[in-house]
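A short write-up of the structure that comes next.
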Amino acid sequence: MVRTSGTSFDSPFSRFHEASDYFENWWLPIIKDQFHFEFEPIVNLTSGEVMGFEALLRGWQSGGFRSIPDVFDTAFKEKNLFRLELALREKLFAEISNHAVLREKVTFINVDQRVILMPDYKRGETAKLIEKYQIPISSICFEISERYDFNTVKQAVELIKKVKSQGYKIALDDFGTGYSGMQQLYNTEADYIKIDRFFVSEDESAFRKRLFIANIVHLAHLLGITVIAEGVENEREYYLCKELGCDYVQGYFVKSPSTDFRQIVGQYSHIQEINDKDRRKLKDDRLMLKNHIEPLPTLKTDSDIEDVFNIFRDNPQCSFIPILNSLKEPIGIIRESGLKQYVYSPYGREVLKRIAKSKGVMEFLSSCPKSELRFSAEKIMNTFSVSQGDEGIMMTEGGKYVGFLFASDLLKILNEKNLEQARDQNPLTKLNGNQRITDFINRALTLSDMARYLVYFDFDNFKPFNDKYGFRRGDRAILLFSDILKKATSMGSFYSERNESEVDQKLFLGHVGGDDFFLGSLGKNIDEVLQLVKSICTQYCKEVADLYDPADREAGKIRSIDREGNPKDFSLLTVSAGILELSQGFKYDNQEEIGKILAQMKKSAKGLNGGITLASILP
């Protein structure tokens with residue numbers, strides 16, 4: 001059965017594709033009269049600047065198709081897939097050539113990789129269309145879908161490498177929802193990963209989705225791949241993508257797809273505005289990074305080899321040159337050492353010029369890691385450590401090149417941070433200190449898409465214990481609670497604003513000082529938190545008794561001096577805790593007021609049986 005203008009025929013479809021005029025008589029009228037494209041912007045998460053547009057096929061219903069995949073499945077069965085792809089690209093390129101914004105941005109084009117199985121398939125046809133409509137090759141990105149088992153097609157990997165060598169970009173579409181995603185990621189050396197809407201949407205499995213996104217983003221950045229989140233529909237999902245390190249977003253929250261060229265602009269101000277007022281932007285490493293990056297001379301992909309020689313001649317301290325594409329994105333470096341085999345050989349420079357003239361400076365391009373200024377120095381070091389180069393890392397802001405960070409400077413930054421971290425770490429327990437506790441609370445106040453819990457612990461009768469047994473045994477009592485706190489939360493490393501993998505760190509531990517401790521929880525429920533706090537308090541009361549002399553332990557009390565200087569009997573050490581629940585949907589920006597509430601709750605807990613008080617703040 002073959003679909004033609006919405007009608008089905010009983011004749012085998014082979015009858016139609018054998019007719020030389022079948023494509024022209026049936027497919028072309030539909031493409032010309034019914035099919036059209038809508039453009040959905042893909043924007044930078046922080047600036048709202050448009051990096052590119054995804055071209056979405058529309059009008060397929062008028063052709064009698066059930067869906068967009070049905071269009072391409074039909075063409076595949078009829079062996080018209082290659083001609084369909086070319087006809088659609090020509091229609092699209094004609095539209096791009098007539099719009100200034102589209103011409104200067106990247107256009108993401110869905111491609112059905114089964115085209116290479118078509119009997120009439122041949123390479124170079126797209127390049128002819130590119131030349132016809134005067135569109136930069138670097139502004140075209142082909143989206144490879146996981147819908148089909150890409151790895152069963154033997155020529156596919158070779159084809160992708162050929163396409164990339166010509167200057168086109170490659171994106172893996174709907175990542176994580178189809179066949180062999182990791183194999184595709186390994187084989188294609190993609191420029192972009194597009195995370196499917198399924199993982200961005202919030203539901204009962206939101207935490208597992210966060211974990212998935214965080215690890216995919218981390219892996220992509222280690223490989224130098226840019227991450228785009230698809231289908232972002234609201235502010236909550238935008239914050240999720242931003243928190244987990246995605247680079248770009250697209251979806252209705254940015255702008256719905258449109259054919260109205262008046263709505264196709266280069267920047268969406270509401271994204272920049274929401275980022276500017278976002279109080280989640282706590283202290284980061286941006287300033288330190290900016291102070292260390294070097295503004296090295298750069299070249300574009302269409303530069304001449306003489307430009308390369310001129311930079312090396314005029315800048316003898318430079319051993320490499322960062323290369324940028326037409327969008328000012330860094331794509332690699334040209335090393336001086338890679339040219340020496342030509343320069344120092346007979347007629348080598350002339351050979352070099354001939355190679356450059358036919359293939360361009362891209363022939364001499366070497367890979368180099370890149371990273372965004374908004375990422376932590378630790379994450380940047382992770383990216384650099386798995387790279388093949390040893391110079392350093394190309395730094396970007398909003399995807400655009402801003403300078404080069406040498407490896408030596410990155411080590412200096414990490415050393416500065418380690419010293420700063422040591423200063424804000426309790427010297428006795430090695431837990432987070434007051435500044436990092438404050439940072440955590442400030443951040444928790446803005447995470448209104450989940451329930452948050454702030455817990456303040458305080459020992460009961462610690463001063464009499466310390467007065468009688470001395471500060472050394474007092475320190476042992478403090479260290480005991482710290483150890484119990486760590487074991488109860490099963491944390492090998494604790495949540496930190498500087499930890500890029502905090503998505504799987506649901507708990508934060510801090511030591512306010514003396515016998516005061518702090519615990520923060522993100523994304524759990526009240527029963528879990530209450531059970532955890534009870535367990536910690538019970539365990540401490542049980543184990544701390546071993547620090548008393550046998551006679552005092554047997555009596556269940558000690559004789560010491562109260563705050564007025566009078567002798568008095570005091571019970572053995574216990575722990576009081578105040579638990580403050582910030583309900584989902586609650587937003588607040590007064591951290592000082594929250595601190596007062598916690599202090600009052602801790603005081604109230606001391607007079608309660610069980611020593612735990614709980615309060616909730618509702619939206």
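Order 61-73, 515-527 from most to least packed using the mean count of other Cβ atoms within 10 Å.
So the order, starting with the most tightly packed, is 515-527, 61-73.
Suppose a student asked you for the relative contact order of the stretch 512-619, using Cα pairs under 8 Å spaced at least 6 residues apart; what percent would you report?
The value is 23 percent.
Go through 251, 539, 572 and say which Cα lies farthest out towards the positive end of the charge dipole of the chain; charges sit on Cβ, +1 for Lys and Arg, -1 for Asp and Glu.
572
Can you tell me the relative contact order of the chain? Whole percent, Cα pairs under 8 Å, sequence separation 6 or more.
Dividing the mean separation by the residue count of the chain yields 10 percent.
Output ³J(HN,Hα) for the stretch 550-566: one whole-Hz value per residue in order, computed from phi by the Karplus curve 6.51 cos²θ - 1.76 cosθ + 1.60 with θ = phi - 60°, and x for Gly and Pro.
x, 5, 5, 5, 5, 6, x, 6, 10, 9, 8, 9, 7, 5, 8, x, 9
Quick check: the angle from helix 471-489's long axis to the longest principal axis of the chain, C-alpha only, nearest 10 degrees?
Long axis of 471-489 versus the principal axis of the chain: about 40 degrees.
Magnitude of the Cβ-charge dipole of the chain, K/R +1 and D/E -1, about the Cα centre, nearest 20 debye?
The calculation lands at about 740 debye.
What dipole magnitude, in Debye to the nearest 20, does the stretch 230-314 give about its Cα centre under +1 on Lys/Arg Cβ and -1 on Asp/Glu Cβ?
500
Can you list the residues, at least 5 places off or on another chain, whose amide H is less than 5 Å from the amide H of residue 54, using H built in the peptide plane?
40, 42, 108
Return the equivalent ellipsoid semi-axes of the stretch 34-136 as a descending list in whole Å, where each equals the square root of 5 times an eigenvalue of the C-alpha gyration tensor.
25, 17, 12
Along the positive direction of the dipole of the chain (beta-carbon charges: Lys, Arg +1; Asp, Glu -1; about the Cα centre), which of 310, 222, 330 reaches farthest?
310
Arrange the residues 411, 572 by how much accessible surface each exposes, largest first, with a 1.4 angstrom probe.
The most accessible residue leads, giving 411, 572.
Quick check on my link table: of 162/242; 122/161; 370/486; 79/105; 194/486, which ones sit more than 27 Å apart, alpha carbon to alpha carbon?
162/242; 370/486; 79/105; 194/486, as the Cα separations exceed 27 Å there.
With n ≥ 4 as the cut-off for DSSP H runs, can you work out [θ] at 222 nm for the chain, using -39500 (n - 2.57) per run divided by the number of residues, rounded to the nearest 500?
-12000 deg cm²/dmol
Keeping all protein chains in the complex and leaving out DNA, RNA and ligands, what accessible area do you get for residue 375 with a 1.4 Å probe, in Å² to the nearest 10?
10
Indicate the gyration tensor shape class of the stretch 298-443 (rounded, prolate or oblate), computed on the Cα atoms with a ≥ b ≥ c the square roots of the eigenvalues: a/c under 1.5 is rounded; otherwise a/b larger than b/c is prolate and the rest oblate.
Prolate shape, in that a/c is at least 1.5 and a/b is the bigger ratio.
Taking the dipole about the Cα centre of the stretch 328-468, with the C-beta of Lys and Arg at +1 and of Asp and Glu at -1, give me whichever of 364, 446, 395 is farthest to the positive side.
364
With an 8 Å cut-off on Cα pairs and a minimum separation of 6 or more residues, tell me the relative contact order of the stretch 37-93 in percent.
Averaging sequence separation for qualifying contacts and normalising by length gives 23 percent for the stretch 37-93.
If one takes the longest principal axis of the Cα atoms in the chain, at what angle in degrees, from 0 to 90 and to the nearest 10, does the Cα axis of helix 526-544 lie?
That works out to roughly 40 degrees.
I'd like the orientation of helix 81-97 relative to the chain: the angle between its Cα long axis and the longest Cα principal axis, in ° from 0 to 90, rounded to 10.
Approximately 80 degrees, to the nearest ten.
Can you give the longest run of the chain that contains no GluC sites (Glu not before Pro) sitting in a DSSP loop with at most 12 other Cβ atoms inside 10 Å?
Result for the longest clean stretch: 205-563.
Leaving ligands and nucleic acids out of the surface, order 138, 482 by accessible area at 1.4 Å, largest first.
Descending accessible area places them as 138, 482.
Every cysteine in the chain with no other Cys Cβ under 4.7 Å from its Cβ, please list them in numeric order.
That list is 141, 318, 368, 537, 541.
The values are calculated or read from the model by the stated rules, or taken from the named source; none is laboratory data. On a predicted model such as this, the values are computed, not experimentally measured, just so you know. As a convention, Cβ positions derive from the backbone with ideal geometry for all residues, glycine included, and neighbour counts pool all protein chains shown. Surface accessibility is based on the protein's heavy atoms, side chains included, excluding ligands, DNA and RNA. Shrake-Rupley method; radii C 1.70, N 1.55, O 1.52, S 1.80 Å.
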